[in-house]
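The values are calculated or read from the model by the stated rules, or taken from the named source; none is laboratory data. It should be emphasised that the depicted structure is a prediction, and the values quoted were computed from it without experimental measurement. So basically every Cβ, Gly included, is an ideal-geometry build from the backbone, and we count neighbours across all protein chains shown.
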Amino acid sequence: MFGFLRNPARLPFQHPQLQLIQGDAEDPEAIENAVPGKDLIISCLGVNNLKPPITLMSDAVLFMLDAMVRFQVPRILAVGGAGILQETPDRFKMESPGFPPFFKAISEDYLRVYELLKASDREWTMICPPTMPERVRTGQYRVLGDYFPEGGQQIFVEDVADFILKEILARQFMRQRVGIAY
């Protein structure tokens, strides 16, 4: 298993089966060099600064998809945000009046990621959590295709990782967004 990080030293753990590759998600050549020989890609990109414009995630996923086609990597799982899930059949959550305005720019970039995935010929799943504090894996969460689970507020990062690992094998949400929450 490989991890592609800007600064591998910041990863708080090590595992003998995890090889870390240093690289920048904004560098298409670095991404292209990391992709050959992989079976799938898991993209967990995000930003610390929510000030617009935000394009990191969509730029990087475009580079990933190009490399995936070139090196015949069939599948990608990407983490996005709950704002790009459907509020109604005709409206995204990010378009609702109560949606926090400070999440608008990041949601717009995750929406671009979703559009790139939909337009691709790759197998994809986009996991769309709300806020994700770090605590512990509980294994107790709800998932729903294209919509956010009713009443959900948050989910721990560790449970999002748990779902991703399960979805790799289950393949339940192919070519679909997934809302996930407690």
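Quick notes
- Which listed residue is more than 16 Å from K118 (Cα to Cα) and either surrounded by fewer than 17 Cβ atoms within 10 Å (Cβ to Cβ) or of a type outside the set (K, R) (or both), from I21, I84: I21
- Condition met for P53 (part of a loop (DSSP other than H, G, I, E, B), farther than 30 Å from P149 by Cβ and either out of contact with any strand residue (DSSP E or B) (no Cβ under 9 Å at 6 or more places or on another chain) or touching a residue at least 12 places away in the same chain (Cβ under 8 Å) (or both)): yes
- Candidate set from the range 8-50 (those that are among the acidic types (D, E) and touching a helix residue (DSSP H, G or I) at 6+ places or on another chain (Cβ under 7 Å)); member that is nearest to V61 (Cα to Cα): E26
- Every residue from the range 63-98 that is hydrophobic (A, V, I, L, M, F, W, C) and within 11 Å of E32 (Cα to Cα): F63, M64, L65, A67, M68, V69, F71
- Conditions (1) more than 21 Å from V47 (Cβ to Cβ); (2) assigned to a strand (DSSP E or B); number of the one not met by P149: (2)
- Taking first residues from the range 158-178 that are without any contact (Cβ under 8 Å) to a residue 60 or more places away in the chain and partners that are outside any loop (DSSP other than H, G, I, E, B) and among the small types (G, A, S), the Cβ contacts under 8 Å between residues at least 6 apart in sequence or on separate chains come to F173/G145; Q176/G145; V178/G145.
- Restricting attention to the range 157-182, the residues that are part of a loop (DSSP other than H, G, I, E, B) and buried (at least 19 other Cβ atoms within 10 Å of the Cβ) add up to 1.
- Restricting attention to the range 41-55 and to residues that are exposed (fewer than 15 other Cβ atoms within 10 Å of the Cβ) and touching an Asp or Glu at 6+ places or on another chain (Cβ under 9 Å), the residue that is farthest from K104 (Cα to Cα) turns out to be V47.
- Test: D109 is surrounded by 20 or more Cβ atoms within 10 Å (Cβ to Cβ), closer than 25 Å to A34 by Cα, modelled with pLDDT of 95 or more and among the acidic types (D, E): yes
- Selected residue (criterion: farthest from G23 (Cα to Cα)) from residues of the range 56-92 that are assigned to a strand (DSSP E or B) and of a type in the set (K, R): R91
- In the range 157-174, the residues that are under 23 Å from F92 (Cα atoms) and more than 13 Å from the chain's Cα centre (by Cα): Q172, F173, M174
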